[in-house]
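Beneath this line is the structure, given in structure tokens, with notes to follow.
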Amino acid sequence: MIYQSLGEMGKYELFMVILLMDIIVSGWRFDGGGGYGLVDGLRMDYYYMMNCPFAEGIVKNAVNRHLQADPTLAAALIRMHFHDCFVEGCDASVLIDSTKGNTAEKDSPANLSLRGYEIIDEIKEELENRCPGVVSCADILAMAARDAVFFAGGPVYDIPKGRKDGRRSRIEDTINLPPPTLNSSELIRLFGQHGFTAQDMVALSGAHTLGVARCSSFKHRLSNFDSTHDVDPTLDAQFAKTLSKRCSDNSEQAFDTTKNTFDNDYYNALQRKTGVLFSDQTLYNNPRTRGIVNAYAFNQAMFFLDFQQAMIKMGLLDVKEGSNGEVRANCRIIN
Ligand code: HEM
């Protein structure tokens, strides 16, 4: 039946249209569970179901407030979510503080430049006041990263919720985080172990459209690079000088020219041989991933779509459910 205007639609048809739109927007592609909005046991409407419908709004407001004051924190929240998910799954293990008998993930060298813990603490406190014991730290982190992407100008997307928090956080587990010395084939293999395709990996690396790196992350490219080169030959000569300067005055280097804006400029930087990390530039140098870099540099909409899908996938890594986890009262301490 063809409707000439919305006004002619019956209530039932209108309801069906809204329901269909909601399914398409919130869970269609990722609905692995067969039920409405169900993804690997998580749900798009989890906090409605749990009688805490304000959860998403509270997270978004707090993220927006903090990022308005300091836009560089968008990068920090996105990176924190990645470092959470790649170690023990997305279970907020990265948020746990070290104790006398245990050095936690956050004190590993790979995590020392993580920032933004106080934003998560503040959100947790507000949520514990509104709906005690309901919203996990892992979900807060996943939602905060998602909201940070949007705040910085990236795509808007919905994520399934219902993750539980883990009870383990050990420094030695951070061995699973990729060091910036890996080449494209090694990155493909490592991300592949978590179920990601090469395209997912290149899209996720696009998170480096935001933020900065310190000298310690790229200085190996600037001297004694390998047996035949002092400086990484895949690095633009002028840009190598810029990086050396960052090391001499101990300042940070932005990954691209728009460090607080989520766009595809990161991929343009790779085409110009001005990728900051070896692990960035290698994506352009390797024929297996160069085509994907070129596609994203050419087509930002394609990057946004692939990035949001890969982020949703990353947010489902080894999630804990039911009694496999808990809802921490304080994100820094196991209950
Ligand atoms: C592909 C493998 C990856 C490697 C080797 C890598 C490595 C790094 C390194 C070394 C830094 C700089 C740290 C510093 O010098 O303080 C960094 C920063 C960052 N990474 Fe990655 N990363 C990878 C993938 C990802 C992914 C998948 C995401 C998120 C989805 C991400 C998000 C970020 C962000 C946003 C920053 C900037 C942080 C800030 O400015 O505070 N990275 N990464």
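The values are calculated or read from the model by the stated rules, or taken from the named source; none is laboratory data. What you are looking at is a predicted structure, and each value in this text was computed from that prediction instead of being measured. Every residue, glycine as well, gets a Cβ built from its backbone with ideal geometry; the counts of neighbours run over all protein chains shown.
Condition first: aromatic (Phe, Trp, Tyr) and within 14 Å of the ligand (Cβ to nearest atom). Can you find one or more residues in the stretch 44-52 that meet it? No, the stretch 44-52 contains no residue that is aromatic (Phe, Trp, Tyr) and within 14 Å of the ligand (Cβ to nearest atom).
Please verify whether Thr242 is farther than 21 Å from Leu114 by Cα and either in a loop (DSSP other than H, G, I, E, B) or at pLDDT 95 or above (or both), treating the condition exactly as stated.
yes
Restricting Ala152, Ala240 to residues that are within 12 Å of the ligand (Cβ to nearest atom) and surrounded by 15 or more Cβ atoms within 10 Å (Cβ to Cβ) narrows the list to Ala152.
Scanning the stretch 175-206 for residues that are among the β-branched types (Val, Ile, Thr) and within 19 Å of Leu277 (Cα to Cα) yields Ile175, Thr181, Ile188, Val202.
Checking each residue in the stretch 285-301 for being in contact (Cβ under 8 Å) with a residue 24 or more places away in the chain and either surrounded by 22 or more Cβ atoms within 10 Å (Cβ to Cβ) or part of a helix (DSSP H, G or I) (or both) picks out Asn285, Arg288, Thr289, Ile292, Val293, Asn294, Tyr296, Ala297, Gln300.
Taking the conditions exactly as written (in a helix (DSSP H, G or I), among the hydroxyl-bearing types (Ser, Thr, Tyr) and near the ligand (Cβ under 8 Å from one of its atoms)), does Ser217 satisfy them or not? So Ser217 passes the test. With respect to Asn183, is the statement that it is in contact (Cβ under 8 Å) with a residue 40 or more places away in the chain, under 30 Å from Thr99 (Cα atoms), in contact with a helix residue (DSSP H, G or I) (Cβ under 9 Å, 6 or more places away or on another chain) and more than 9 Å from the ligand (Cβ to nearest atom) true? Answer is no for this residue. Within the stretch 155-180, the set of residues being closer than 22 Å to Ile123 by Cα and within 16 Å of the ligand (Cβ to nearest atom) comprises Tyr157, Ile159.
Taking the residues in the stretch 313-335 that are in a helix (DSSP H, G or I) and touching a strand residue (DSSP E or B) at 6+ places or on another chain (Cβ under 8 Å) as candidates, determine which candidate is modelled with the highest pLDDT. By that ranking, first place goes to Asn324.
Output the residues belonging to the stretch 64-116 that are more than 12 Å from the ligand (Cβ to nearest atom), part of a helix (DSSP H, G or I) and under 19 Å from Ser136 (Cβ atoms). Listed by number, the residues that qualify are Ser93, Val94, Leu95, Glu105, Lys106. Number of residues in the stretch 125-148 that are more than 16 Å from the ligand (Cβ to nearest atom), buried (at least 23 other Cβ atoms within 10 Å of the Cβ) and of a type outside the set (Ser, Thr, Tyr) equals 5.
The single condition from (1) surrounded by 21 or more Cβ atoms within 10 Å (Cβ to Cβ); (2) within 12 Å of the ligand (Cβ to nearest atom); (3) in a loop (DSSP other than H, G, I, E, B) that Ser251 fails is (1).
Applying the selection to the stretch 254-278, what residues are within 12 Å of the ligand (Cβ to nearest atom) and either modelled with pLDDT under 95 or in a helix (DSSP H, G or I) (or both)? Once the filter is applied, which keeps residues that are within 12 Å of the ligand (Cβ to nearest atom) and either modelled with pLDDT under 95 or in a helix (DSSP H, G or I) (or both), the stretch 254-278 yields Tyr266, Phe278. Check Ala138 against each of (1) aliphatic (A, V, I, L, M); (2) out of contact with any Asp or Glu (no Cβ under 8 Å at 6 or more places or on another chain); (3) closer than 16 Å to Ile78 by Cβ and name the one condition it does not meet. The failed condition is (2).
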